[in-house]
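Read through the structure below, which is laid out as structure tokens, and then see the notes.
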Amino acid sequence: MDNLFILLFLPVLSAIILAFIKSSSARWAALLLSLIQLGLTVPFLCNFIPDASVQFAQSFTWIESLGIKFQIGIDGISLPMLILTNGLIPLIILASFAHNKSGNFYALISFMQAGLVLVFISLDAFSFYVGWEAALIPIYFICALWGDGDRIRVNLKFFIYTFFGSLLMLIAIIYLYQQTGTNDLSWSTLTSLKLTESAQTWVFWAFFIAFAIKIPLFPLHTWQPDTYTHAPAAGTMLLSGIMLKMGLFGLLRWLLPLVPNAVAQYGTLAMTLSIIGVVYGSLIAFKLNDAKRLIAYSSIAHVGLISAGIFSLTQEGIQGAIIQMVNHGISVVGLFFVIDIIQQRTGSRNFADLGGLASRMPILATCFLIIIMGAIGLPLTNGFIGEFLLLKGIFAYPVNGVWFAVFGGTTLILGAVYMLRLFQKTMLGNISDSNVQVKDINGVEVLVLVLIVALVIVIGILPNMLLNISEASVSQLLQQIK
């Protein structure tokens, strides 16, 4: 199996099939189709050679009159994102079983999966942009139709932010298209362009703002907490677990090699914004009493550190960023799933209504604690090696690297404080009278959390299986931009 196109075709076909299933069997059909997609991904992982080359590459003429092609392939940077996407989607579908969603809901997830996969395997700017937009539309409807509270206003803000960023990126892509002189939008051609200093500057900001909104980075993060809070649980998992990785991946795939001189000029500013996000997100998370909102702000802190690792332009920093993108996706999906279970059982996610649940839900409490340990980077859990490499890379940054590492390191201390506070306020202490009858997790809930806990431990013990995939590609990227 080496036809990469199948990984785009199947989720689109799945979306069409699921849209016509109106009964409760839609969730089982969605799960089966997502597992087939995961199964089709395995041969690409097994046959991937961990060098710096692009593998399984395919190219088709898309719009002949404009010379636009459809080019896809996998390297050591995109493969971890492909595994993350196709690995998390079945878990997210399983996690949504308790809500008994319709076929349309799962159809939107499948269509979004196609957009996400296209973003990660695109080798030309046109396909990348199509995937970028294709992933946005389904998540907008998922959040707007199945969210709660003030979801329409919140999603409108989310859409305006992301659409503004997309527009800037599109303008930059059109400009680059005109500079090629060959009507070629392939990654190899665009990254070989010799842009002037002024052109690099505005192209840098166009791409950076688009990616910074999606990640999100301070101060372009304001859409995120409200959107995460009011989205349905599966929508929040899709946004935080996979979709925000599009922005971080965009920094690696497009921004760094496209405009290396501008990155050198404005990288310190980008690093500063990333570190501000780490401290800001952590401090806000520490004060919150809404468990779901707390995790939303903690996500701002974690992705800020990942972004800082990318802009450190070091082997350790960028490899740490890639493995932490995977780790963050796994941990944050687990955390949001636990909060969703608590809210289903107790009718609340506010600390004032919770506490003492470990006495009635010991299995959930155990899984919750292990996932929290991974999120705060305890040794032998998935978050440890990623945060270690990120801080090592940031420390080596030539301009105030020590101070960036010191402030970035606060994510370890503050993260431990607010995460353990989250566990204490929900699981420990006295249980309220209204919650004494709650039942522990069972069935699908146990399956999802056990799989996530297994990933937290396995990646924590065997991080090389991911680091080996990205090592050569990251080394080549650094040679290209320096």
Review point. Looking at Val338, Ser312, Ile300, which one has the Cα that reaches farthest to the positive end of the dipole of region 278-359 (charges on Cβ: Lys, Arg +1; Asp, Glu -1)?
Key: Val338
**Study point:** Of all accessible heavy-atom area on the chain, the percent that carbon and sulfur account for (1.4 Å)
**Key:** 67
Check your understanding: To the nearest 10 degrees, how steeply does helix 103-121 sit against the main Cα axis of the chain, on a 0 to 90 scale?
Key -> 40
Check your understanding: How much area per residue is accessible in the chain when the probe is 1.4 Å and only protein heavy atoms are counted (Å²)?
Key -> 36
Check your understanding: HN-Hα J couplings of region 375-386 from phi, Karplus 6.51/-1.76/1.60, θ = phi - 60°, integer Hz, Gly and Pro as x?
Key -> 5, 8, x, 5, x, 6, 10, 5, x, 5, 5, x
**Study point:** Nearest-20 debye value, region 260-481 charge dipole, Cβ charges on Lys, Arg, Asp, Glu
**Key:** 340
Exercise for review: For Trp62, list long-range residues whose amide hydrogen, built 1.01 Å from N in the peptide plane, is under 5 Å from its own amide hydrogen.
Suggested key: Ile68, Lys69, Phe70
Point to revise | Cα-centre dipole for the chain with unit charges at Cβ (Lys and Arg positive, Asp and Glu negative), debye to 20 | key: 800
**Study point:** Degrees, to the nearest 10: 444-461 long Cα axis against longest axis of the chain
**Key:** 60
Practice item. Of the options Thr410, Gln437, Met427, report the single residue whose Cα projects farthest towards the positive end of the charge dipole of region 409-482 (beta-carbon charges: Lys, Arg +1; Asp, Glu -1). Key: Thr410
Review point. When only the heavy atoms of the protein chains count and the probe is 1.4 Å, how do Lys101, Lys194, Lys439 rank by accessible area, highest first?
Key: Lys194, Lys439, Lys101
Review point. Points 7 angstrom from Cα along the Cβ direction at Gln58 and Val446: gap in nanometres?
Key: 4.1
Practice item. Kindly flag which residue pairs out of Lys392/Lys482; Lys157/Lys214; Lys194/Lys245; Lys287/Lys439; Lys245/Lys425; Lys292/Lys439 have an alpha-carbon separation exceeding 23 Å in this structure. Key: Lys194/Lys245; Lys287/Lys439; Lys245/Lys425
Practice item. With r as the distance between the Cβ atoms of Ile6 and Val417 and R0 = 45 Å, compute the FRET efficiency 1/(1 + (r/R0)^6) and round to 0.05. Key: 0.45
Review point. So for the pair Thr180, Ile461, with labels modelled 7 Å out along Cα→Cβ, what separation do we get in nm?
Key: 4.7
Exercise for review: Would you pull out the residues with amide H under 5 Å of Gln55's amide H, same chain only if 5 or more places away, H placed 1.01 Å from N?
Suggested key: Ile74, Asp75
Review point. What accessible surface, in Å², does a 1.4 Å probe find on Cys367, ignoring ligands, DNA and RNA and rounding to the nearest 10?
Key: 10
Exercise for review: Roll a 1.4 Å probe over the protein heavy atoms and report the accessible area of Asp226 in Å², nearest 10.
Suggested key: 40
Exercise for review: Give a residue-ordered list of calculated ³J(HN,Hα) values for region 171-183 (Karplus: 6.51 cos²θ - 1.76 cosθ + 1.60, θ = phi - 60°; whole Hz; x for Gly, Pro).
Suggested key: 4, 5, 5, 4, 4, 5, 4, 6, 7, 5, x, 10, 6
Revision key, fill the gap. From highest to lowest solvent-accessible area (probe 1.4 Å; ligands, DNA and RNA excluded), Val54, Val333 read Val54, Val333
Review point. Taking Cα centroids, how far is region 153-228 from region 415-482 in Å?
Key: 31
Check your understanding: Can you list, bin by bin at 20 Å, the percent of alpha carbon pairs in the chain, starting at 0?
Key -> 25, 60, 14, 0
Point to revise | Helix-derived mean residue ellipticity, 222 nm - over the chain, DSSP H n ≥ 4, -39500 (n - 2.57), to 500 | key: -23500 deg cm²/dmol
Check your understanding: Counting only protein chains, not ligands or nucleic acids, how are Tyr397, Tyr280 ordered by accessible area (probe 1.4 Å), most first?
Key -> Tyr280, Tyr397
Study note, to complete from the structure: Taking the dipole of region 1-109 about the Cα centre (Lys, Arg +1; Asp, Glu -1; charges at Cβ), the one of Thr61, Met81, Gln71 that reaches farthest to the positive side is Met81
Study note, to complete from the structure: Applied in sequence order to region 246-255, the curve 6.51 cos²θ - 1.76 cosθ + 1.60 (Karplus, θ = phi - 60°) yields integer Hz couplings, x standing for Gly and Pro, of 4, x, 5, 5, x, 4, 6, 6, 10, 5
Study note, to complete from the structure: Reported to the nearest 10 Å², Asp353 has, with a 1.4 Å probe, an accessible area equal to 80
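The values are calculated or read from the model by the stated rules, or taken from the named source; none is laboratory data. The model shown is predicted, which means the values in this text are computed figures rather than measured ones. Backbone-built Cβ (ideal geometry, glycine too); neighbour counts: all protein chains shown. Just so you know, the surface numbers come from the protein's heavy atoms only, side chains and all, with ligands and any DNA or RNA stripped out. Shrake-Rupley method; radii C 1.70, N 1.55, O 1.52, S 1.80 Å.
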